[in-house]
Amino acid sequence: MIALATSACALGGPSVLDAHGASEKRVEGLWWLLFAISAVVLAVVLGLMTAAIIRRRRRGTDVDRSEPRWGEPFVVLAGVIIPVLILTAVFVVSVRDMNAIAGGDPQLTVQVIGHMWWWEARYPNGAITANEIHIPAGEPVRIEVTTADVIHSFWVPQLAPKIDMIPGKTNSIVLVADSPGRYRGQCAEFCGLQHAHMAFFVVADPPDVFQRWMAHQEAPAAAPTGSAADGLAVFLAQTCDGCHTIRGTPASAALAPDLTHLADRETIAAGTLRLTRGNLAHWIRDPQAVKPGVIMPPTQLTRSQLQSLVDYLMGLN
C-alpha cells in the first residue's frame, strides 16, 4: 500500500501542499484538517481493535455473551453523535473556504479556452498566447474557462482548486500568486489520448514586468529579414497558415495556437517539449511521433525549407 501511495509522487512536482496563493492556502488548510480528523479516527479504531484483541486473549476460550452496559450508548455516541458533529464542522469550514475562494473583485480577466490538447489564453487588450498564462504577482486575476471541444478541467495545484471546462458554458476562478514564479498546471479531466500531455504554466510576473509583457504580446509580429523572410514564405505556402495565426501576416486561422510571439514561450506542444531549434524542427516534421493523435499533420519540407521556417519561428519574440 505504501509503494502504491508513493508511486505517483514526483520530486519537485506541483503539490496542493505547497501553496503559493490565497485560494490554495485555504485548500491546503482544509486538506490538513481532514487528514488530522482521519488520523484521529484511525488511531481510535486501531486502539479499540487492539483492546478487543487483548481482552479476548486474556479470557482464553471463555466467551462472555452478556451485553455490556455501555454498548448501546457507546454506539450512539461514537457512531452517530460524534460523526454528525465532525461532518457539520467540516461542512461549515468548507462552505466558508469556498465562499472566500469565489470572492474578490479582480481588475484583470483572462479567458482560457481548452482544446485537444492545448490551452489558449486571451487578454483584454487583444494579446493571445498558448500554454503559458501570465498574471501579475500579488494581484487577483479572474480566469474564465470554457472549451472548444470536449470537457477539460483547469487545475494549478499550487495556486487554486480545479474547475471544469464544459462545452457551451463559461466557469470562472480567481488566481492569486503570492510571489513571482512559474507554476505548472494540468488538465484534470480525462479528455482523450493525449490528456497526460496537456500541461500549461502560470507565470506570475512582477506587476511592472507583466504590464510590459502584455503590451508586447499585443503587438503584431515584426517583419522578418534574410532567412527568416524565406521562412515566412514557407509558412504561408505550406499547410501552416491553415491552422495558425501570426498577427501582422495573412495567417489568421484559429484551429491551433497563435504563434505571433512563439519564441517568448519556454515549451511547445502544451508543455511536452522545451522550445529549442531541434525540438521545433522535430515537432514540425513529425508531430505524431511526439503526441500521437494530435491534430497537427506532418509537414513535408526540404532541409533548407525547414531551416528557414525554424529561423522565422524562433525569431517571433
- Note on the structure: For Lys25, the lysines lying under 19 Å Cα to Cα, once residues fewer than eight places off in the same chain are dropped, come out as Lys162
- Query: Once the Cα atoms of the chain are picked out, what are the Rg and Dmax in Å?
  - Reply: 26.8, 96
- Provide the three semi-axes, in whole Å and in decreasing order, of the ellipsoid equivalent to segment 59-198 as defined by the square roots of 5 times the Cα gyration tensor eigenvalues. 48, 20, 14
- Using a Förster distance of 25 Å, how high is the FRET efficiency between Arg184 and Ala222, based on the Cβ-Cβ distance and rounded to 0.05? 0.25
- Based on the Cα gyration tensor of segment 167-234, what are the three equivalent ellipsoid semi-axes, each the root of five times an eigenvalue, rounded to whole Å and given largest first? 30, 23, 13
- Message: Over the Cα atoms of segment 131-170, each weighted equally, I'd like the Debye log10 I(q)/I(0) at q = 0.19, 0.22, 0.31, 0.35 Å⁻¹, rounded to two decimals.
- Response: -0.63, -0.81, -1.18, -1.25
- Percent accessible area from carbon and sulfur atoms, the chain, protein chains only, probe 1.4 Å: 63
- With a bin width of 5 angstrom, please list the P(r) values of segment 164-317 as percents of all Cα-Cα pairs, from the 0 bin to the one holding the largest distance. 2, 8, 15, 19, 20, 16, 12, 6, 2, 0
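The values are calculated or read from the model by the stated rules, or taken from the named source; none is laboratory data. This is a predicted model, so every value here is computed, not measured. Glycine gets a Cβ as well: all are built from the backbone with ideal geometry, and neighbour counts include every protein chain shown. Ligands, DNA and RNA are excluded from the accessible area calculation, which covers all protein heavy atoms including side chains. Shrake-Rupley method; radii C 1.70, N 1.55, O 1.52, S 1.80 Å.
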